[in-house]
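The next block holds one structure in the form of structure tokens; read it before the comments.
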Amino acid sequence: MYQWRFAQTAANDPKIRGSENEIEEKLMGDLVRYAASHEIGHTLGLKHNYKASYAFPVDSLRSPGFTNTYGTAASIMDYARNNYIAQPEDKGVGLTPPILGPYDYFSIQWAYQPIYSAKSPEEELETLNEWIAEKSNDKMYLFGAKNGMGDGCLDPSVLTESLGDDVIKAAKYGAKNTKLIMHNLVEWTSDDPDNLKEMQEAVLNQYNQYFKHAEARLGGVYTFESTNATHPDKFVPVSKVKQSEALNFMLEELLNQYDWMNNPEISAIIGSYDLDIMTNQGKVISSLLSRSVLVRILRCATMSTQPYTVGDYLGDITQHLFNVSNKKQESNWMRNLQTEYIKQLQKLLKDNNADGGHAFNNLIMADIKTELDTFRSMVTTKAKKGSPSSKKHFNYLKSIIEG
């Protein structure tokens, strides 16, 4: 819990900086209180409500008045965390989940308050349904217990570890804080190699959560348990603009993260982090090109009047990864990103041919084949110019495509 609190709030809160045994007892007690309250909620019959953090506007989580009243989510039954959105200049802002949220009070009332006018459980239903109807247009009382997996729909408002009603805006704030924490990590923790390594991993694990939140928008579909005037449709696909925004965030972070992750002060104590950075970048590319993401994008496109197609999506990735400055193109990590991208496209095509795929996979393969054909022409041209190392790199990419 200390590592969570540090990774999420150290940019704003000097009290969490330092070794774990130096942290105030009350601060650690608040973390224990939240975890205990969440588990007690289960004993009272409350399910997880992962939509509770979606109830709050992102910028409200930078407001002292709002956060000190409501905490970070409308329910302790969310997997919401500490306030990673709050910026260093946001003085006095609340940083922890609530003691109890509006949704929790209502749920306990609905489950346990006696209705003395009712003569039977069946007679209680009219009053219970009226209570629900009264709250149905208030985001504070939205409910989301589970999310789609694999090729199913994924609702970007039903996520663990997330805050606010705009995952990209929240992720940008969180990523900005991550960079500040990493810049000051030795000063704010210790120069003990083992402890520094643990804290670095905790901070970067938190940073990686922002990629997972952004990815949920890709092919995402908002799902509402009940429909009403505010939410007349049960399923609402994420717009093309919002999906593109999510992809742009992820790729811009990938293309610039080496500059701040490769911290010489940290490397001097725990060793080079280059391989870890490139390995993680490869995992992000693999995730972006996973069958589940591509199928979600295709499925979402079939529901949209202005679809974000798989072809659009692959074209956007290609534009980001191959339209880079000469300086970036000469770097090992940039070439690694490009190589991982080509390899994953080729693997998808080969795997689908081998196992026959299913209907949606078969449709996606046409876009992948088109993208690989475009690459074949591009890398053939690029292999004839540039530095010797650049020529070797593009010749290698050409061999992957033709292999």
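When you scan the range 299-312, do you find a residue that is outside any loop (DSSP other than H, G, I, E, B), crowded, with 18+ Cβ neighbours inside 10 Å, of a type outside the set (Gly, Ala, Ser) and without any contact (Cβ under 8 Å) to a residue 60 or more places away in the chain, even just one? Checking the range 299-312: at least one residue is outside any loop (DSSP other than H, G, I, E, B), crowded, with 18+ Cβ neighbours inside 10 Å, of a type outside the set (Gly, Ala, Ser) and without any contact (Cβ under 8 Å) to a residue 60 or more places away in the chain. Applying the criterion of being buried (at least 22 other Cβ atoms within 10 Å of the Cβ) and of a type in the set (S, T, N, Q) to the residues of the range 185-218, the residue that is nearest to residue 277 (Cα to Cα) is 200. One residue stands out among those in the range 33-73 that are basic (Lys, Arg) and in a helix (DSSP H, G or I): the one that is surrounded by the fewest Cβ atoms within 10 Å (Cβ to Cβ), which is 33.
Quick one: which of 160, 178, 127 is part of a helix (DSSP H, G or I) and closer than 26 Å to residue 23 by Cβ?
Details: 160 fails: part of a helix (DSSP H, G or I); 127 fails: closer than 26 Å to residue 23 by Cβ.
It is 178.
Residues in the range 12-30 that are out of contact with any helix residue (DSSP H, G or I) (no Cβ under 6 Å at 6 or more places or on another chain), touching a residue at least 40 places away in the same chain (Cβ under 8 Å) and on the phi < 0 side of the Ramachandran plot: 12, 13, 19, 30. Of all residues in the range 29-69, those satisfying the criterion of being among the aliphatic types (A, V, I, L, M) and under 18 Å from the mean Cα position of the chain (by Cα) are 52, 55, 58, 61. On inspection, residue 27 does not qualify as part of a helix (DSSP H, G or I) and either at pLDDT 95 or above or under 20 Å from residue 141 (Cα atoms) (or both). If you take the residues in the range 352-403 that are crowded, with 16+ Cβ neighbours inside 10 Å and assigned to a loop (DSSP other than H, G, I, E, B), which one is modelled with the lowest pLDDT? It comes out as 357. Any residue at all in the range 18-28 that is closer than 23 Å to residue 176 by Cα and under 25 Å from the mean Cα position of the chain (by Cα)? There is no residue in the range 18-28 that is closer than 23 Å to residue 176 by Cα and under 25 Å from the mean Cα position of the chain (by Cα).
Check whether at least one residue in the range 93-106 is free of Cβ contacts under 8 Å to residues at least 40 places away in the same chain and over 26 Å from residue 26 (Cβ atoms), and report yes or no.
Here is the first cut: in the range 93-106, the ones free of Cβ contacts under 8 Å to residues at least 40 places away in the same chain are 94, 98, 102, 105-106.
Those still in the list that are over 26 Å from residue 26 (Cβ atoms) too: 106.
Scanning the range 93-106, I find at least one residue that is free of Cβ contacts under 8 Å to residues at least 40 places away in the same chain and over 26 Å from residue 26 (Cβ atoms), so the answer is yes.
The values are calculated or read from the model by the stated rules, or taken from the named source; none is laboratory data. Given the structure is predicted, the values throughout are model-derived calculations rather than measurements. When we count neighbours, we look across all protein chains shown, and the Cβ atoms used for this are built from the backbone with ideal geometry, even at glycine.
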